[in-house]
Amino acid sequence: MINLGKKEQLKPEYLAINPNNKVPAIIDSDGPGGQPITLFESGAILIYLAEKTNTLRPTDERAWFDAMQWLMWQMGGPGAIFTEAHYFHAREGKPGNDYSLDRYTKESHRLLGVADKRLGESDYIAGPDYSIADIGLFPHCGTTARFGGSLDDYANIQRWYKQVEERPATKRALAKTDAIRRATAA
């Protein structure tokens, strides 16, 4: 557990795991060849876990590449852009911030439109089955209020979000996230 508020991501022991000093990062003590492996970047972690467990990934090669492209879209799109939109939204009214706030807010809504259109064609972002692409996108769609956004105009995302939110594993993950936030707020 890394407390970003206390800058624990800058400590040498964490930088040894993730030289980019961001979260997430994992250590799998039973990595390839039975040896420990450290990984950082959410997309790399999701791909690794899907490959290791042979779950949350389509077995069909074409469908796997669909999942990969939507995961990469999430990483370069909503994952990065929503974060920047939040950053500039939190600094609203500060000198020199208006252009950036406008640009990232508009791009966030454009990306929501892309996701909404896709989810109007498919149960999940990468196709008919839940995959790591949904896992990557889910948390970002739950934080649109942080940049002044809303899912109100995106019925397909709302349907998908509720569907993912009701998954038992999602419920467990959200409960753990809440517990971590409470523990690190002290």
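The values are calculated or read from the model by the stated rules, or taken from the named source; none is laboratory data. Note that the structure is a prediction, hence the values are computed from the model and not measured. Neighbour counts run over all protein chains shown; Cβ positions are idealised from the backbone, glycine included. Note: areas computed on protein heavy atoms with side chains; ligands, DNA, RNA excluded. Shrake-Rupley method; radii C 1.70, N 1.55, O 1.52, S 1.80 Å.
For the list (1) touching a residue at least 40 places away in the same chain (Cβ under 8 Å); (2) within 28 Å of Ile125 (Cβ to Cβ), I need the number of the one condition that Ile45 fails. Against the list (1) touching a residue at least 40 places away in the same chain (Cβ under 8 Å); (2) within 28 Å of Ile125 (Cβ to Cβ), Ile45 comes up short only on (1). Quick one: would you say Arg181 is touching a residue at least 40 places away in the same chain (Cβ under 8 Å), out of contact with any Ser or Thr (no Cβ under 9 Å at 6 or more places or on another chain), open to solvent by 50 Å² or more (accessible area, probe 1.4 Å) and in a helix (DSSP H, G or I)? No, not satisfied. Restricting attention to the range 20-69, and to residues there that are hydroxyl-bearing (Ser, Thr, Tyr) and part of a helix (DSSP H, G or I), which single residue is nearest to Thr83 (Cα to Cα)? Checking each candidate, the answer is Ser42.
For the range 109-147, the set of residues classified as in contact (Cβ under 8 Å) with a residue 60 or more places away in the chain, in a loop (DSSP other than H, G, I, E, B) and either of a type in the set (Ser, Thr, Tyr) or open to solvent by 30 Å² or more (accessible area, probe 1.4 Å) (or both) consists of Asp129, Tyr130, Ser131, Thr143, listed by residue number. Do the conditions hold for Leu71, that is, is it touching a residue at least 40 places away in the same chain (Cβ under 8 Å) and among the hydrophobic types (A, V, I, L, M, F, W, C)? For Leu71, the condition - touching a residue at least 40 places away in the same chain (Cβ under 8 Å) and among the hydrophobic types (A, V, I, L, M, F, W, C) - is met.
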